[in-house]
4 protein chains.
Amino acid sequence: MTANLLLQCPDQKGVIAAVSQLLYGFGCNIVCSDQFSDQSTSMFFQRITFDFSDIVIGPGNTAILERAIAELATRYGMKWQISYKDKIKRLAILVSKQDHCLYDLLIRHRSGELRCEIPLIISNHPDLKHIADTFGVPFHHLPLSKDPGSKEQQEAALESLLARERVDVMILARYMQIFSTAFCERNWQHTINIHHSFLPAFEGARPYHRAHERGVKIIGATAHFATAELDAGPIIDQAVTRITHRDSVEDMIRKGRDLERLVLARAVRWHLDDRVMVYNNKTVVFED
Amino acid sequence: MTANLLLQCPDQKGVIAAVSQLLYGFGCNIVCSDQFSDQSTSMFFQRITFDFSDIVIGPGNTAILERAIAELATRYGMKWQISYKDKIKRLAILVSKQDHCLYDLLIRHRSGELRCEIPLIISNHPDLKHIADTFGVPFHHLPLSKDPGSKEQQEAALESLLARERVDVMILARYMQIFSTAFCERNWQHTINIHHSFLPAFEGARPYHRAHERGVKIIGATAHFATAELDAGPIIDQAVTRITHRDSVEDMIRKGRDLERLVLARAVRWHLDDRVMVYNNKTVVFED
Amino acid sequence: MTANLLLQCPDQKGVIAAVSQLLYGFGCNIVCSDQFSDQSTSMFFQRITFDFSDIVIGPGNTAILERAIAELATRYGMKWQISYKDKIKRLAILVSKQDHCLYDLLIRHRSGELRCEIPLIISNHPDLKHIADTFGVPFHHLPLSKDPGSKEQQEAALESLLARERVDVMILARYMQIFSTAFCERNWQHTINIHHSFLPAFEGARPYHRAHERGVKIIGATAHFATAELDAGPIIDQAVTRITHRDSVEDMIRKGRDLERLVLARAVRWHLDDRVMVYNNKTVVFED
Amino acid sequence: MTANLLLQCPDQKGVIAAVSQLLYGFGCNIVCSDQFSDQSTSMFFQRITFDFSDIVIGPGNTAILERAIAELATRYGMKWQISYKDKIKRLAILVSKQDHCLYDLLIRHRSGELRCEIPLIISNHPDLKHIADTFGVPFHHLPLSKDPGSKEQQEAALESLLARERVDVMILARYMQIFSTAFCERNWQHTINIHHSFLPAFEGARPYHRAHERGVKIIGATAHFATAELDAGPIIDQAVTRITHRDSVEDMIRKGRDLERLVLARAVRWHLDDRVMVYNNKTVVFED
């Protein structure tokens, strides 16, 4: 039985020793540890995977362990977070009409690449219900209209659905709507969006059209946390591919789909595996 | 003996046949031909390399051939341009204090990768004269001051130097100055700049610092024609490399140097080989 | 209405002019043309897409056009082949137990990326029938046993199925069987296999295990025509990705799936679009 | 003042805690730590950079620290190695007639990318002496002949030169000779070679010619330790680039030069920075 412990605190002497000593003292074995000291901000980040099968205070008694970590955290000014591997995360996928990222996530989930449950798919359009049906995932249609108040109502319905289904992570798999600022501020830390450009180039709408117009030789895709400022949240991963003058906007859209799939899946996988930490609107990603 | 013929005109039936028939009629052999029809603008672009060793109108008599091409061009509304392989292009390299692109171009030239002469290196600083000396290339120091009129005087001196040395192509190999609008308008078509970001992200100054601040996971470099609008000229080539949270600004600068070298060298090589055509502030690049 | 014409012949003067003149004479418009002269073998390759909507000899009367091409071909020693865009190719997918390439091809087909019909999926195992059902494609189970004669019988059944369904292209989408030499010799020109290594490294079985053992820092995938010599047929496309010491064989298998999907889809797309020519056990690929 | 400590031992509980506790106890601050547990061999690898400016046993008194590490190492069955940052490594470059890797290493060294001294360049040919002169590095010509005993004599001269100049690392920068088995066995751990293919494809001579003949779509370069078995030593890094049917052997050689430069420089940089550990003919590389 393993757990992932994420830490961040001001860089200081003895942190690594203190944490590893604490875990060792409890009879836990560090399976894997990554750390990073950011010179520019003097911050320290660490991800530790440890095995607590032989925890000395009795099997599964992690509450006391957590209390000890909390005390250590106070001493060092740490933010910390722990995830137990046997507590599977629950993931909601939001889509509009495009299906490629949805298919991709469902297939990877089925193949065992993504360690999570997918209890629901949500869309503002009914078009992709057949895919949800094929994979046996409940589909919720939360439509949006131009009416004043429609967005607020839809977001409220969405949040109550997420609460009811105990959703841990929300994936915007080409969900073509912009959330309200208040919604983003409540949810961005567990909400991953895929944007179809190598941000910060071509923020906002129709990035492939603008890339075509500018005549770039490389297009990209970016997975990021969906903060209130559009396409400006912490970047988790990016990928690019070469294009030439021969590529029309349609070709870019086609080639871009492969990038979007890859990048989104990688970001989701890392997030599910507690590999992504945020600080100063940037991410520390301990890749696998 | 070969020549490169570049054509662009509105797309229309029979162009390819007409041109190939004309060359065949003169006894020229098409060695290589690339064409591209842009659906979005209905424009046609072609690059033909042909061997005129057996030209029927007598060896080297290309004037008559050019007259025939000009007539055809009028008929089809073509812009065209011809380069003879035995007329080696002359290249000027402009630098400031950073040496990596300068070294790279000189070494590639020496190894035979770049088909050109390099009759001069020009700088606003004296620092890199020793490299010019090592490679036996005359070095011209054209300093700039804060005085009013200094930029105009320097640009005038520069242009007279380029004229005197019959320079065909000017390479801004990390030349850290911005030319006047008038200078750019006269010279951009034969002036290639290397910018240290994947444009249009991070136009202008200190792109690596801004990339670090934004937390991107990929950095890039862009070679483009230096038009009057800063970093907005037609893009010839781009390249990128992955970075992580571990990369400081200094690491980006180091990794970026390799990108800048590669991309600039490729753009220069293609331009010298008549592989780059410009239309609508974009390029058609017939890569080798 | 367009057609793709593929040509190969010994390189010689006037070929391009002759072909483009012939098409122009028939009232056909060349939409796109790519050619390549191989210096090392003195061979010439060309792919022409032409519009024959206004063919002078009456709409759809391509028989006379083909006769003219055949005559030209005799004169220049050409091999040639023509495909009409309205004659959609028919594709059979062969699989064993792994589903990622199958899913990928079916989803790309549904999204319109692959211009073909998929009238059947064939497997030596029944495992993936549910996917065929989901996408509404008939599934044929052709089992194999250790009995002497089983392979010959299965191959005979397979070939009669391909004939009955008028299959133009056969895709081995992780089909884990080796065909007999006779079968390969009859079928290789329309049979594309995906191998999970960057050939010629790790030909044969268990390439990821061997890559792990050798400690390579890059893994790859290769799409190639399935000739009789195992994994030695003409390579259509390859792709690679970086790995590190952290990647176990299972990680390689997971990362490799993305490569296999991408490379196989690209090869299939190019082949369907008549962009791949074979000569001397190598391919000329006119990429889109 | 910092040092790099490299460890490898059978994976076991408490190692990380023990080492970090030991360093902490001596008043050393861990600046950076990377570790890796190889599941397939149950081996543990760690690289620790620590600051010993405030070492409690008196400034610079690292002998006692080393004795403590040695004791710990015995307890855990560790192999270990320590490098102090103020002890600059000394590097010898071996070349034959090709200059691109030599130029590249010298320019990177001058720009501060490679933390080392380069006290000598050695060659079996006199051709590149002018480059050594330009950069002010002593050049030694150690010729080879077909005479029996010539190789042994040359290797003996080489080793005495390396000893006299206190060389820590030897770089084969396109040195086109094969060392004797005995020489390799004595020197491979500090000898890095660049091979111009993505090993294990195209081991041995003329890899670009063989890549051209096979019709691969990707070429590569590999930096590895030069063990006695030709091109089979532990791989440190690899890089690749796409090619097409248009690329002749000469084009491959040109494009390959860029790969060779990049990969060799990266491997040398990592080795100088104590980032490369060897186990089972494979490397663990803690990349920067």
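So the values come out like this:
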quantity: Nearest-ten-degree value, helix D:15-25 long axis tilted from longest Cα axis of chain D; calculated: 70
quantity: FRET efficiency, residue A:251 to residue A:97 (Cβ-Cβ, R0 30 Å, nearest 0.05); calculated: 0.90
quantity: Accessible area that becomes buried as A packs against B, both chains, 1.4 Å probe, Å², nearest 100; calculated: 2900
quantity: Mean Cα-pair separation over length for region B:184-224, i.e. relative contact order, pairs under 8 Å, 6 or more apart, %; calculated: 53
quantity: Per DSSP, loop GluC sites (Glu not before Pro) in region B:217-263 with at most 16 further Cβ within 10 Å; calculated: B:229
quantity: Chain D: angle of helix D:62-76 to the longest principal axis, Cα-based, in degrees nearest 10; calculated: 90
quantity: FRET efficiency, 1/(1 + (r/R0)^6) with R0 41 Å, evaluated for residue B:177 and residue D:244 via beta carbons; calculated: 0.60
quantity: Lys, Arg +1 and Asp, Glu -1 on Cβ, resulting dipole of region A:90-285 about Cα centre, debye, nearest 20; calculated: 480
quantity: Chain B: equivalent-ellipsoid semi-axes (sqrt of 5 x gyration tensor eigenvalues, Cα, Å); calculated: 36, 23, 18
quantity: GNM top mover of C:258, C:11, C:133 - chain C, alpha-carbon springs below 10 Å; calculated: C:133
quantity: Calculated FRET value between residue C:127 and residue D:84, using beta carbons and R₀ = 60 Å, to 0.05; calculated: 0.55
quantity: Counting DSSP beta bridges with both ends in chain A, the antiparallel % (nearest 5); calculated: 70
quantity: Accessible solvent surface per residue of region C:1-118, calculated while the other protein chains remain in place, 1.4 angstrom probe, Å²; calculated: 40
quantity: Using alpha-carbon coordinates, inclination of helix A:249-272 to the longest axis of chain A, degrees; calculated: 20
quantity: Listed residues C:74, C:191, C:241, most fluctuating in chain C (Gaussian network, C-alpha, under 10 Å); calculated: C:74
quantity: Counted charge near residue A:180, where neighbours are those whose Cβ lies closer than 10 Å (Asp, Glu -1; Lys, Arg +1); calculated: -1
quantity: Entries of A:282/D:255; B:255/C:217; A:151/A:255; C:97/C:151; A:85/C:255 with Cα pairs more than 26 Å apart; calculated: A:282/D:255; A:151/A:255
quantity: Region A:44-112: trypsin sites (Lys or Arg not before Pro) falling in loop per DSSP and having at most 16 other Cβ within 10 Å; calculated: A:85, A:87, A:97
quantity: Shielding of A:105-112 by partner chains, average beta-carbon count, 10 Å; calculated: 3
quantity: Once the Cα gyration tensor of the protein assembly as shown is diagonalised, semi-axes √(5λ) in Å; calculated: 48, 41, 32
quantity: Cα-based shape type of region C:36-96, given that a ≥ b ≥ c are square roots of the gyration tensor eigenvalues and the cut on a/c is 1.5; calculated: oblate
quantity: Summed residue charge, Cβ within 14 Å of residue C:279's Cβ, Lys/Arg positive, Asp/Glu negative; calculated: +2
quantity: Accessible surface, per residue, of region B:137-254 when the full set of protein chains is kept, probe 1.4 Å, Å²; calculated: 41
quantity: Residue among A:276, A:248, A:264 farthest towards the positive dipole end of chain A, charges placed on Cβ; calculated: A:248
quantity: For chain B, built as a Gaussian network whose Cα springs stay under 10 Å, the top-fluctuating residue of B:273, B:86, B:104; calculated: B:86
quantity: Computed [θ] at 222 nm, helices only, for chain B once each DSSP H run of length n ≥ 4 contributes -39500 (n - 2.57); calculated: -10500 deg cm²/dmol
quantity: Kirkwood Rh and Cα Rg combined as Rg over Rh, evaluated for region A:73-159; calculated: 1.12
quantity: Percentage relative contact order, chain A, counting C-alpha pairs under 8 Å, at least six apart; calculated: 15
quantity: Positive dipole terminus of chain C, leading residue within C:78, C:191, C:216 (C-beta point charges); calculated: C:216
quantity: The protein assembly as shown: antiparallel DSSP beta bridges as a percent of all, rounded to 5; calculated: 70
quantity: When the convex hull of its Cα atoms is projected in every direction, mean area for region C:1-156 (nm²); calculated: 13.4
quantity: Charged-residue dipole, Cβ positions (Lys, Arg, Asp, Glu), region B:2-84 about Cα centre, Debye nearest 20; calculated: 180
quantity: Region B:2-84, relative contact order [Cα under 8 Å, separation at least 6], %; calculated: 45
quantity: Average other protein chain Cβ within 10 Å of Cβ, residues D:206-216; calculated: 3
quantity: Of all accessible heavy-atom area on the protein assembly as shown, the percent that carbon and sulfur account for (1.4 Å); calculated: 51
quantity: Shielding of D:23-31 by partner chains, average beta-carbon count, 10 Å; calculated: 4
quantity: Surrounding net charge for residue A:163, when Lys and Arg each add one and Asp and Glu each subtract one, Cβ distance under 13 Å; calculated: 0
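The values are calculated or read from the model by the stated rules, or taken from the named source; none is laboratory data. The structure presented is a predicted model; accordingly, all values stated were derived computationally and were not measured. Cβ atoms come from the backbone with ideal geometry, glycine included; neighbour counts cover every protein chain shown. For accessibility, only protein heavy atoms count, side chains too; no ligands or nucleic acids. Shrake-Rupley method; radii C 1.70, N 1.55, O 1.52, S 1.80 Å.
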